[in-house]
Amino acid sequence: MRDSIQRVQLTVNGVRHEAEVSTTTRLVDFLQDELGLTGTKFCCGIGVCRACTVASRNAPEAPRVPMLSCSTPVAAVDGYEIDTVEGLGSAEDLSPLQRAFLEHFSFQCGYCTPGFLMAATLLIERLQNDPVAEDEIDAAIAEACGEHICRCTGYVRYYEAMRAVIQATPGATK
Amino acid sequence: MGRVVADPTRRTVLKMAWGAVTVAVTPIPAMGWGRGRSPEPLAAQPGGWSGGPGEARYRIDGLAKVLGHKIYARDFRSRDMPGWPDNERVAMVLHAAHTDRILERYDLSMLPDELRPMRTVDAADLARDQVADLFPDTSPKGWPPGFLAATGQQPLYLGQPVAILIFESADVYRRAHRLLQFRDDVVRYGSPVPPRPIEGPYPSPNYLTYVDGEFSRVKDGPTDPFDPKTPEDRQAVEWRAEIRSGLIDWRTDSGSRSTQRIVPMFMEPESGLGWLNGHTLRMVLGTQAPNGDVQDGLQLFAAEGCPIRVDEVELVSCYPGGGFGGRDVSPFTPTLMLAAAYADGPVRMAYDRFAQFQVGLTQIPARFEVELAGDDEHRFQALVSTVRMTAGGKNNYSQFVADLAGYSAGGAYFFPRAIVDASAEPSPDVVAGSMRGFGGVQAAFALETMVENYALSQRIDPIELRRRNALKEGDRTITGAPLTEPMRIAEICERAAANPLWVEREARARREENDGKLYGVGFALANQAYGTGSDGVMASLALEQDGSIVARTTAVDMGQGSATGLALAPARWLGSNASNIEMGRVAIFSALQLSTTASTGDAPTHRKHAPHDFADSPWDDPHYTASLSMSSSACITAFQQFHAVSQAASVLFEIGVWPAAVRIWGVDPGPRARRSARWYDGELCVDDLAPLPLPLLAREIYERDGIAEAMVHAYFAGAWVEASYEVEELRGRWPIDGLATRNARSTDFLWRRRSDVKPPPPGSKNYGRSLYSPSGTLVALTVDPGTAAVELLDIHTYLDAGKVHQPDLVSGQYQGGAAMGVGYALLEDATHGPDGPGGGRWNLNRYHVPLATDLPLDRIRLELLPPVGEHPTGKGIAEAVLCPIAPAIANALTAATGGSFPKLPITTADIREALRS
């Protein structure tokens, strides 16, 4: 991509931002360097590990979908709504997945956790519109999170937590 | 968490203990929660992380991690740091991708003017400024020194830094980086040259000669049978000849094994901030050895003529985003220090994944030649094992890794005779240092697949062969170290042999065969040591005025859960968990006034002792210890670090809390009552005296200015060093070798003189290791004979973890270890040479780590052996759970295919070959 300057506006965690950015600036760098939102993690930089996953949509009524912020130029998300791990919950009001990840001891170093949280959050949103049978839960998790890399945990406790939240989410299962 | 810098008095002592420059390591600043957000008290949430005493509801660092708070070094910018300017520079490092040609120059002409670096730093700059090489004695023999690769010479090793480019801003860096990355014309090379000669292994190879009851390292000292100079060396030569000549009398089997180079692949690429502000170097890092890494890096500026002056270092120690040994003595820290020294202000350096692959420490590949000999009863009689590890261009723990591979060569078995040679040889490849398993994981693969072969060739059940030869309490290892604790290896074998996976394996194989699959079950043991054999640990425990407890420790939590586990340690003595724990602390422990240099009498002369040398009673010097502290690894948490925190709690109870209780009761119920005192619901209960809640006791301590903080140092080598201490009118004896206390209204610690020291057991300096976490794993799998695809069905591990401090953390470590073992066995392989990671073009698209779909998530099971003994302790298990996985997979593949798998990783081509033959 040719390097030039472009003006973009996007909404991150409900806050609208306008900026002039290089057309080659990655979304993860914009989030971290310009907005100070370092909860979204950089790991491989080539869209393999998915630690950098954020939620995105290009219209208010559109469903949120995962986006790999390490391989998406911020210039390509002009007008988008982006949500990051910082927007999921607070210490006083954790999301069900955040709470489940804690209670299941799902993570260790925790560097991949924001990516798992965002992908799993979007999975549950999707399942609430398109529920799966109980015996299809693992396949749904694998489809949404099976490519996410974690080096510490062996994934077992991530999957246990996600399964528990899906089972407890009204409308996520048939 | 606040920013703390040691006061001058403490720094003076620190100089004595740790070198010429003071290093103050401080916790993460509490402001770093992102722009416009307020700090949130992580440990103080209603119904927070802490469960009941000794229990955790979730990780103490968990809330920060699910909320995306700034806790990793990569999260911080200079604007986040109190007192730092905002104008942060960004450094990029050019690295050598070839070592077989002359480095001519580096060319940045492809950058337009606006993207040029403000400053470059190369070998010529370092030579001009007399910046020294780092650990020149760790270079291969005969190779020139040089931290940065010099033009006109061939680079020393792949990934050696060539130049540091300092850019004005993150934006300029990013745009310039994009233009420079992957270009062959940036770092320019000349004509090919021959490789540098390799003149022998790194010093000093580990030669073990063991003849039960006759000759051993512990009994006769270290020996060198290849350059015999002492009578013991010559005896070793003779014993070796006798062992070899005796092999003919036994049933033998021999073979070669090899393991590949893998990389830690921790998720957070190394990152940090540095700022040389005047003569104070400020840094933000996530390392397994905060103090050690920085002290090592300061060697760069140690030459008298070097204009770069660093008088003190203030280091903010962050949670590393994974470690696995790869952040211990990493070249990242000194490279960042150089960048900081030459930048005009704060500088950020953050590797991308390609750079991390190119320069990050790797595990060391190994080649083994193993010969096993047993009698007609299938009891092992001799082991002959040669381990040659191919390290990189620096001896970065490389020989220490080979040492442990040598100590681990005998695994879980008793060998009455053994010959083991273990060496690490230089190569011009990426620096290979410590990684999870530290030599033990390579040795476990070699031995356990050889034992499997031996069982098959001798037609004995593989688990029965293992059970019959299992080490037991009272045996000696191949160094001659006594095994003084219950060794439950035979029990692991018995449990595995009774597991339905094993019992029903033939019936299941028939069923799978009917479905067109080959089925196999494999078993492997490991007897992985934990600790270094000479372990120094420190902790401090403070009772706050409100009755809450704060723990401070040198330990770093790379994800293994030590922050949580150690916060549970006070519960036994104080009835409550620590509500807060400060990790990676160093400077405060100068109050212990300990040094590895023993003083003789009142004269100001100091005598240097080798780290393990207990001769001449250096322990008579109350300021002496054999090891101050060590790098954090997951395996030293449960026993060593937990001991330090627990002992600090024990001391605080006896000299602070108990006297306060006696004052409140108005009667001293005596030492027997003190020993039998118990905590119920946070209250100290003794006989029919009024129960006393900890906050009430704390209030009493603060009102009377009693002792509110105990700081301890403990040292383990075969046993904990014990000593007696007098604190005011109280006298106590604890398994610690250093004590300082702080009164409630004071900020200063009082050093407490020790007496009546019980030093480590004689000979323990030569044990090698003496602490073990035995484990055994059954793996069941299928192989598709058409595609050679492997499907793992079950991974079932038995583990003696001792006393489990927090079950979720233990099983989590196991599950991660199992996954890493699967990667080691079947997936991961970092190619040698410039076509490998050292060439700078590797990432996760080429290096494959296990995904969830590679693992039988619901069937990764851990069976913990119930602890035995009156006072069981925890055991380090992070490596123990990894070691048996790969050989168990290899043995299962042997069972499924009938083939042998002598090298890692086991590829589809290997399995096809096994199926063909």
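The values are calculated or read from the model by the stated rules, or taken from the named source; none is laboratory data. If you're wondering where the values come from, they're calculated on a predicted model, not measured in any experiment. Cβ coordinates were reconstructed from backbone atoms using ideal geometry, including for glycine residues, and neighbour counts include every protein chain displayed.
Side notes on the structure shown:
Residue-by-condition table, conditions (1) in contact with a Cys (Cβ under 9 Å, 6 or more places away or on another chain); (2) hydrophobic (A, V, I, L, M, F, W, C); (3) within 13 Å of another protein chain (Cβ to nearest Cβ):
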{"residue": "B:48", "(1), (2), (3)": "no, no, yes"}
{"residue": "B:75", "(1), (2), (3)": "yes, no, yes"}
{"residue": "B:85", "(1), (2), (3)": "no, no, no"}
{"residue": "B:88", "(1), (2), (3)": "no, no, yes"}
{"residue": "B:94", "(1), (2), (3)": "no, yes, no"}
{"residue": "B:103", "(1), (2), (3)": "no, yes, no"}
{"residue": "B:128", "(1), (2), (3)": "no, no, no"}
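- Test: residue B:65 is of a type in the set (Lys, Arg) and either part of a helix (DSSP H, G or I) or more than 8 Å from chain A (Cβ to nearest Cβ) (or both): yes
- Residue in the stretch A:124-174 that is nearest to residue A:114 (Cα to Cα), counting only those that are assigned to a loop (DSSP other than H, G, I, E, B) and of a type in the set (Lys, Arg): A:151
- When residue B:384 is tested against the conditions (1) surrounded by fewer than 24 Cβ atoms within 10 Å (Cβ to Cβ); (2) not in a strand (DSSP E or B), the lone failure is (2).
- Pair list, Cβ under 8 Å, 6 or more apart: the stretch B:141-160 residue on the phi > 0 side of the Ramachandran plot, other residue acidic (Asp, Glu) and not in a loop (DSSP other than H, G, I, E, B): B:152/B:104
- Picking from residues in the stretch B:60-70 that are among the aliphatic types (A, V, I, L, M) and under 11 Å from residue B:563 (Cβ atoms), the one that is surrounded by the fewest Cβ atoms within 10 Å (Cβ to Cβ) is B:64.
- Of all residues making up the stretch B:174-199, the number that are within 24 Å of residue B:394 (Cα to Cα), in a loop (DSSP other than H, G, I, E, B) and in contact with a Leu (Cβ under 8 Å, 6 or more places away or on another chain): 1
- Contacts under 8 angstrom Cβ, first residue in the stretch B:834-848 being small (Gly, Ala, Ser), partner surrounded by fewer than 18 Cβ atoms within 10 Å (Cβ to Cβ) and in a loop (DSSP other than H, G, I, E, B), 6 or more apart: B:839/B:833; B:840/B:182
- Scanning the stretch B:215-232 for residues that are exposed (fewer than 15 other Cβ atoms within 10 Å of the Cβ) and either in contact (Cβ under 8 Å) with a residue 12 or more places away in the chain or of a type in the set (Gly, Ala, Ser) (or both) yields B:221, B:226.
- Subset tally (residues that are within 14 Å of chain A (Cβ to nearest Cβ) and either part of a loop (DSSP other than H, G, I, E, B) or within 22 Å of the chain's Cα centre (by Cα) (or both)) for the stretch B:354-381: 5
- From A:139, A:161, residue being more than 10 Å from every other protein chain (Cβ to nearest Cβ), modelled with pLDDT of 95 or more and either under 15 Å from the mean Cα position of the chain (by Cα) or over 22 Å from residue B:267 (Cβ atoms) (or both): A:139
- You will find that of B:570, B:500, the residue that is away from chain A (no Cβ under 14 Å), buried (at least 24 other Cβ atoms within 10 Å of the Cβ) and at pLDDT 95 or above is B:570 and no other.
- Of all residues making up the stretch A:100-125, the number that are out of contact with any helix residue (DSSP H, G or I) (no Cβ under 8 Å at 6 or more places or on another chain), more than 7 Å from every other protein chain (Cβ to nearest Cβ) and either buried (at least 18 other Cβ atoms within 10 Å of the Cβ) or not acidic (Asp, Glu) (or both): 1
- Residue within the stretch B:576-584 that is touching a residue at least 24 places away in the same chain (Cβ under 8 Å), touching a Phe, Trp or Tyr at 6+ places or on another chain (Cβ under 7 Å) and assigned to a loop (DSSP other than H, G, I, E, B) present: no
- Residue count for the stretch B:112-146 satisfying the condition of being in contact with a strand residue (DSSP E or B) (Cβ under 7 Å, 6 or more places away or on another chain) and assigned to a loop (DSSP other than H, G, I, E, B): 2.
- Test: residue in the stretch B:461-480 that is at positive phi, touching a residue at least 60 places away in the same chain (Cβ under 8 Å), out of contact with any Cys (no Cβ under 6 Å at 6 or more places or on another chain) and buried (at least 20 other Cβ atoms within 10 Å of the Cβ): yes
- Of everything in the stretch A:67-82 that is assigned to a strand (DSSP E or B) and surrounded by 21 or more Cβ atoms within 10 Å (Cβ to Cβ), the residue that is farthest from the other protein chains (Cβ to nearest Cβ) is A:67.
- Residues that are without any contact (Cβ under 8 Å) to a residue 24 or more places away in the chain, more than 26 Å from residue B:317 (Cα to Cα), out of contact with any Lys or Arg (no Cβ under 6 Å at 6 or more places or on another chain) and assigned to a helix (DSSP H, G or I) do occur in the stretch B:512-525, at least one of them.
- Count of residues meeting criterion [surrounded by fewer than 24 Cβ atoms within 10 Å (Cβ to Cβ), hydrophobic (A, V, I, L, M, F, W, C) and within 8 Å of chain A (Cβ to nearest Cβ)] in the stretch B:810-854: 4
- Residue count for the stretch A:22-40, restricted to those that are at the interface with chain B (Cβ under 9 Å from one of its Cβ atoms) and in a loop (DSSP other than H, G, I, E, B): 8.
- Test: residue in the stretch B:778-794 that is within 21 Å of the chain's Cα centre (by Cα), closer than 30 Å to residue B:474 by Cβ and in a strand (DSSP E or B): no
- Residue within the stretch B:262-271 that is outside any loop (DSSP other than H, G, I, E, B) and in contact (Cβ under 8 Å) with a residue 24 or more places away in the chain present: yes
- Residue within the stretch B:886-895 that is of a type outside the set (Lys, Arg), buried (at least 18 other Cβ atoms within 10 Å of the Cβ) and assigned to a loop (DSSP other than H, G, I, E, B) present: no
- Looking across the stretch B:843-875 at every residue that is out of contact with any strand residue (DSSP E or B) (no Cβ under 6 Å at 6 or more places or on another chain) and polar (S, T, N, Q), the one that is farthest from residue A:145 (Cα to Cα) is identified as B:843.
- Qualifying residue in the stretch A:87-96 (condition: of a type in the set (Gly, Ala, Ser), assigned to a loop (DSSP other than H, G, I, E, B), touching an Asp or Glu at 6+ places or on another chain (Cβ under 6 Å) and facing another protein chain (nearest Cβ under 8 Å)): yes
- Looking across the stretch B:200-213, the residues that are in a loop (DSSP other than H, G, I, E, B) and either surrounded by fewer than 21 Cβ atoms within 10 Å (Cβ to Cβ) or over 28 Å from the mean Cα position of the chain (by Cα) (or both) come down to B:200, B:203, B:204, B:205, B:212, B:213.
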